[in-house]
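Below is one structure, written out as structure tokens; comments come after it.
The values are calculated or read from the model by the stated rules, or taken from the named source; none is laboratory data. The structure presented is a predicted model; accordingly, all values stated were derived computationally and were not measured. Cβ placement follows ideal geometry from the backbone for every residue including glycine, while neighbour counts extend to all protein chains displayed.
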Amino acid sequence: MPSHPLSLVLKRWKFVLLFGAILAILSGGATVFFPLEYRADAQVLIISKSRYGVDPYTVVKSAERVGENIVAVMKTDDFRDKVRAQPGYAIDWGRFDALNERARRRAWPEMVGSSVVYGTGVLNVSAYHPNPDQARALAGASVGALESRAWEYVGGDVILKVVNTPVVTRWPVRPNLALNTVLGGVVGVILAGFAVSRRPERA
């Protein structure tokens, strides 16, 4: 009588775990081939000037909608140019400028991203760079551009105020070594378990 697949996996649990450990090590080790990047985070508050006679819920929902528009606009070439034009930030654009236009358009959203904190009217802005000081400068220039030039995108009835200046992570966050290692181990265990369960047991 053929053995149950689970019993086959349990019989060869050492092989399954070993294969998972090997794939976890390979997945974690593969991160050395990618530049480690720090993240700098800052927050901007979206404020509506015409709030009189409007209930707070409507104000917040309006700010969320504005934030969603800004998130999309921040991925554009126009906003990138505004970030580059911000004075007082020593940002090295050499690696970015070495790319062709199509590659720059793909790379920019990877360098600077944002998200809306729903229910608050706060916009999170994050910048990534192998150099933590460069990540901080890039985030600072981004929120500075939002604070001074966002009216071009959302009109004069909305202003953006920087409420938290950029703070850099203590350790690199991309690529995620721990996450890649765990995922590699899990995938390895699943693949090894499937292979063992499908292999007929020798008499």
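I'm trying to understand the selection: among the residues of segment 70-99, which are of a type in the set (Ser, Thr, Tyr), surrounded by 15 or more Cβ atoms within 10 Å (Cβ to Cβ) and within 18 Å of the chain's Cα centre (by Cα)?
So in segment 70-99, the residues of a type in the set (Ser, Thr, Tyr) come out as 76, 89.
Narrowing further to those that are surrounded by 15 or more Cβ atoms within 10 Å (Cβ to Cβ): 89.
Residues satisfying the conditions do not exist here.
Residues that are more than 15 Å from residue 140 (Cβ to Cβ) and aliphatic (A, V, I, L, M) within segment 56-106 comprise 59, 60, 63, 66, 70, 71, 72, 73, 98, 99, 103, listed in sequence order.
Condition test on residue 40, is it of a type outside the set (Asp, Glu) and either more than 24 Å from residue 158 (Cβ to Cβ) or within 17 Å of the chain's Cα centre (by Cα) (or both)? Even if it seems obvious, please write down each step before you answer.
Numbers: of a type outside the set (Asp, Glu): yes; either more than 24 Å from residue 158 (Cβ to Cβ) or within 17 Å of the chain's Cα centre (by Cα) (or both): yes.
So residue 40 fits the description; yes.
In summary, residue 168 fulfils each of the numbered conditions (1) touching a residue at least 12 places away in the same chain (Cβ under 8 Å); (2) within 16 Å of residue 44 (Cβ to Cβ) with the single exception of condition (2). Residue count for segment 122-164 satisfying the condition of being in a loop (DSSP other than H, G, I, E, B) and crowded, with 21+ Cβ neighbours inside 10 Å: 1. Residue 35: at pLDDT below 85 and in a loop (DSSP other than H, G, I, E, B), yes or no? In short, yes.
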